[in-house]
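**Student:** Got a structure for you, written out below as structure tokens; questions coming shortly.
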Amino acid sequence: MRRVSILGATGSIGQNTIDLILRDPGAYDVVALTGAGNIARLAKDAIALDAEIAVTAHDHLLGDLRDALRGSNVKAAAGAAAITEAASRPADWIMSAIVGAAGLAPGLAALQQGTNLALANKESLVCAGALVLNTARDHGAHIMPVDSEHSAIFQAMIGEDIGAVERIIITASGGAFRDWPIEKLAEATLEQASQHPNWAMGQRITIDSASMFNKAMEVIETHEYFSFPPDQIEVLVHPQSMVHALVGFNDGALMAHVGPPDMRHAIGFALHHPQRRKLPVERLDLAAIGTFEFHKPDETRWPALRLARDTMRAGGMMGAVFNAAKEAALDGFIAGQINFVQMAEVVEDTLTAFDASSGHIAATMTLDNVLQIDHLARKAAWDAIHKRAG
């Protein structure tokens, strides 16, 4: 039996991971599940999986979690420190699916135990790529990418010479506003931005897909994880969301990873690696699909891609600034304080402010320094939000 934990168990990635584990429960010994405010779901899954411990991020919900777990053998805990402790418990495989910079400390704690980490928390690599990868190397841990694009790149390069790779192409659906007139984007509502044409995901990542900030994060993640220069990483809009990434080699060949828009494929690949096992995902009928479309993204519509390149060129800890500003801007949009277009403006203002204070960006990359940059960048981003909100 493999000992596994799921950080971020109540989100879409966590729920898809649980779906796969419950299809073969005898193969897994579940150590820890963590979540945030969905106590009923967290407790139900912890009981179903007979987990050792369930942890909510919210201290004030500890009593509710204990009540929901009453009569079971599952222990309850709450708070950020408890989540990090849960990630430190001995396990063979941990899914890191906490949303946002909050996933960084638990992910590092898991790697410090030498645990194999399935990484769906892209913010970890964007904020602190060198720190995460060095921690894994120093402790003999392995990181498996779970974003569909990075899983696709990883799979396309199995058995290949990485030195023969000329370019990486990751695809984007274009999100909810792919075909909207640009001049109408400022009028987009929260409800409209929360509807994805292809993928079933949480609200925050769905909005990030519409703004292309999700893809911008994935470009930086590709740069960090695979050590490819920014000018070798391309983005194409692919409305069908079935070609997840392509790897181009020096002989002109392109290796493409094709599959349905179902996160259980990337999760299952990471869960079972190095084996491939049967997964409950759709088998594509290419004749029925008929056509795959690809388009060059319009950076007037999606300035997030330009800002990602600026971030990679700046280097240092500018990724932490980018992520913090993006998260704050998204919060501002959800709260109705800025419009859809102004999210990119807020991020650009924040990057500009920190580019002028390069001492922060050039500081040694430690967890404490990353968290300090995150705090300062969020403050700067909220200043930019309040300026626009009047």
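**Student:** I'd like the residue in the stretch 91-107 that is within 15 Å of Gly79 (Cα to Cα) and of a type outside the set (A, V, I, L, M) and, out of all such residues, is modelled with the highest pLDDT.
**Tutor:** Pro106
**Student:** Something else: Would you confirm whether or not the stretch 324-340 contains a residue that is out of contact with any Asp or Glu (no Cβ under 6 Å at 6 or more places or on another chain), of a type in the set (S, T, N, Q), surrounded by 15 or more Cβ atoms within 10 Å (Cβ to Cβ) and touching a residue at least 12 places away in the same chain (Cβ under 8 Å)?
**Tutor:** yes
**Student:** Among the helices (runs of 4 or more DSSP H) contained in the stretch 275-390, which hold 3 or more residues that are modelled with pLDDT of 95 or more and within 22 Å of Asp208 (Cα to Cα)?
**Tutor:** Result: 304-314, 318-334, 342-355, 367-389.
**Student:** In addition: Report, by residue number, each residue of the stretch 28-60 that is part of a strand (DSSP E or B) and in contact with a Leu (Cβ under 7 Å, 6 or more places away or on another chain).
**Tutor:** The first filter runs over the stretch 28-60 and keeps only residues part of a strand (DSSP E or B), leaving 28-35, 53-56.
Those that are part of a strand (DSSP E or B) and in contact with a Leu (Cβ under 7 Å, 6 or more places away or on another chain): Val30, Leu33, Thr34, Gly35, Ala54, Thr56.
**Student:** In addition: Given the condition under 14 Å from the mean Cα position of the chain (by Cα) and hydroxyl-bearing (Ser, Thr, Tyr), answer yes or no: does some residue in the stretch 235-244 qualify?
**Tutor:** no
**Student:** Please enumerate the residues belonging to the stretch 1-20 that are among the aliphatic types (A, V, I, L, M), crowded, with 22+ Cβ neighbours inside 10 Å and not in a helix (DSSP H, G or I).
**Tutor:** Listed by number, the residues that qualify are Val4, Ile6, Leu7, Ala9.
**Student:** Related question: Does the stretch 29-40 hold any residues that are of a type outside the set (A, V, I, L, M) and buried (at least 19 other Cβ atoms within 10 Å of the Cβ), and which are they?
**Tutor:** Within the stretch 29-40, Thr34, Gly35 meet the criteria.
**Student:** Further question: Check Arg167, Arg204, Arg178 and return the single one that is within 20 Å of Asn121 (Cβ to Cβ) and of a type in the set (Lys, Arg).
**Tutor:** Checking each option against the conditions leaves just Arg204.
**Student:** Which of the following residues is buried (at least 24 other Cβ atoms within 10 Å of the Cβ) and not acidic (Asp, Glu): Ala118, Ala77?
**Tutor:** Ala118
**Student:** Let me ask something additional. What residue, of Glu166, Glu218, Glu224, Glu191, is modelled with pLDDT of 95 or more and over 22 Å from Leu104 (Cα atoms)? So that I can check it myself, show each step before the final result.
**Tutor:** Working: Glu218 fails: over 22 Å from Leu104 (Cα atoms); Glu224 fails: over 22 Å from Leu104 (Cα atoms); Glu191 fails: modelled with pLDDT of 95 or more.
Just one listed residue meets the conditions, Glu166.
Yes/no matrix, rows are residues, columns are (1) hydrophobic (A, V, I, L, M, F, W, C); (2) in contact (Cβ under 8 Å) with a residue 40 or more places away in the chain; (3) open to solvent by 20 Å² or more (accessible area, probe 1.4 Å):
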{"site": "Gly114", "(1), (2), (3)": "no, no, yes"}
{"site": "Val126", "(1), (2), (3)": "yes, yes, no"}
{"site": "Ser151", "(1), (2), (3)": "no, yes, no"}
{"site": "Gly159", "(1), (2), (3)": "no, no, yes"}
{"site": "Arg178", "(1), (2), (3)": "no, yes, yes"}
{"site": "Ile182", "(1), (2), (3)": "yes, yes, yes"}
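**Student:** If you don't mind, another one. Starting from the stretch 284-300, take each residue that is over 29 Å from Ile182 (Cα atoms) and list its partners that are basic (Lys, Arg), counting only C-beta distances under 8 angstrom and pairs at least six apart or across chains.
**Tutor:** Final answer for the pair search is none.
**Student:** Another question about this same structure. Can you pull out the residues in the stretch 210-243 that are farther than 14 Å from Arg306 by Cα, hydroxyl-bearing (Ser, Thr, Tyr) and either open to solvent by 40 Å² or more (accessible area, probe 1.4 Å) or assigned to a helix (DSSP H, G or I) (or both)?
**Tutor:** Correct list: Thr222, Tyr225, Ser227.
The values are calculated or read from the model by the stated rules, or taken from the named source; none is laboratory data. The model shown is predicted, which means the values in this text are computed figures rather than measured ones. In this analysis, Cβ positions are derived from the backbone assuming ideal geometry, glycine residues included, and neighbour counts consider all displayed protein chains. Accessible surface areas use protein heavy atoms only, side chains included; no ligands, DNA or RNA. Shrake-Rupley method; radii C 1.70, N 1.55, O 1.52, S 1.80 Å.
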